[in-house]
Amino acid sequence: PSDNLFIHKDSPAADKTRLGMGMVFGEYYSASISDNVKRKIEQKLHDKEWPGKAPIGYKNVTILDENGKVLGKDIVPDEVRAPYIAKIFALRIEKLSFRTIAKIMREEGLTSNTKQARPVGQSHIEQILKNPFYYGTMRYNGGLHPHRYEPLIDKKLYDKVQQINKDRA
């Protein structure tokens, strides 16, 4: 309709060709946008930047100048949730289950970092304990990449927890 082209059973060859060309150009445009997004994500990973929403314990922030102009974006530890992350890892070292840790964290007030913050559940705890982001490495698309953000735990603690997870499996 935007090209004033209406195809029906008796459409001439020229109209069908115009339709086919429009579809090819549309497909090219879509593939081109996809390529640009992939390149931007690869560049972010190369620059040690996380290309998405920060995990629980961190928050995405916008950096503004004195006039309110956006200078950039960053990820920083969340003053409210970051202390809980180290505690979650410490509780796992004590060999507590994901369910028990989740119950303790709910009682202490840990919530998700979504718009409608909800108490954390067992699956949140499991995700946190298996996420290398907290010691300085991003897992993205099956690969591991170092990041530039402040770690909340050290790699030794992370590795100990992974061994406990493996032993309990």
Against the longest alpha carbon principal axis of the chain, how many degrees, from 0 to 90 and to the nearest 10, is the axis of helix 82-93 turned? 60
Given charges of +1 on the Cβ of Lys and Arg and -1 on the Cβ of Asp and Glu, with all other atoms neutral, how large is the dipole of the chain about its Cα centre, in debye to the nearest 20? 680
Let me have the relative contact order for the chain, percent, based on Cα pairs under 8 Å that are six or more residues apart. 17
Could you state the accessible area per residue of the stretch 19-126 in Å², with a 1.4 Å probe and every protein chain left in place? 66
Binned at 10 Å from 0, what are the whole-percent values of the Cα-Cα distance distribution for the chain, short to long? 9, 27, 24, 14, 11, 9, 6, 0
Carbon and sulfur together cover what percent of the accessible area of the chain at a 1.4 Å probe radius? 54
Taking the chain as the reference, fit the longest principal axis to its C-alpha atoms, fit the long axis of helix 98-108 to the helix C-alpha atoms, and give the angle between the two in degrees, 0 to 90, nearest 10. 80
Add +1 for every Lys or Arg and -1 for every Asp or Glu among the other residues with Cβ under 10 Å from the Cβ of Arg148, and state the total. -3
The chain: calculated mean residue ellipticity at 222 nm from DSSP helix runs of at least 4, using -39500 (n - 2.57): -15500 deg cm²/dmol
Excluding same-chain pairs closer than 8 in sequence, count the lysine pairs in the stretch 44-144 whose Cα atoms lie under 16 Å apart. 12
Expressed to one decimal in nm², the mean projection of the alpha carbon convex hull of the stretch 107-169 is 5.7
Förster radius 22 Å - calculated FRET efficiency between Leu71 and Gln43 (Cβ-Cβ, nearest 0.05): 0.75
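The values are calculated or read from the model by the stated rules, or taken from the named source; none is laboratory data. None of the values given here were measured: they were computed from a predicted structure. Methodologically, a virtual Cβ is constructed for each residue, glycine included, from the backbone with ideal geometry; neighbour enumeration extends over all protein chains shown. In case anyone asks, the SASA skips ligands and DNA or RNA and just uses the protein heavy atoms, side chains included. Shrake-Rupley method; radii C 1.70, N 1.55, O 1.52, S 1.80 Å.
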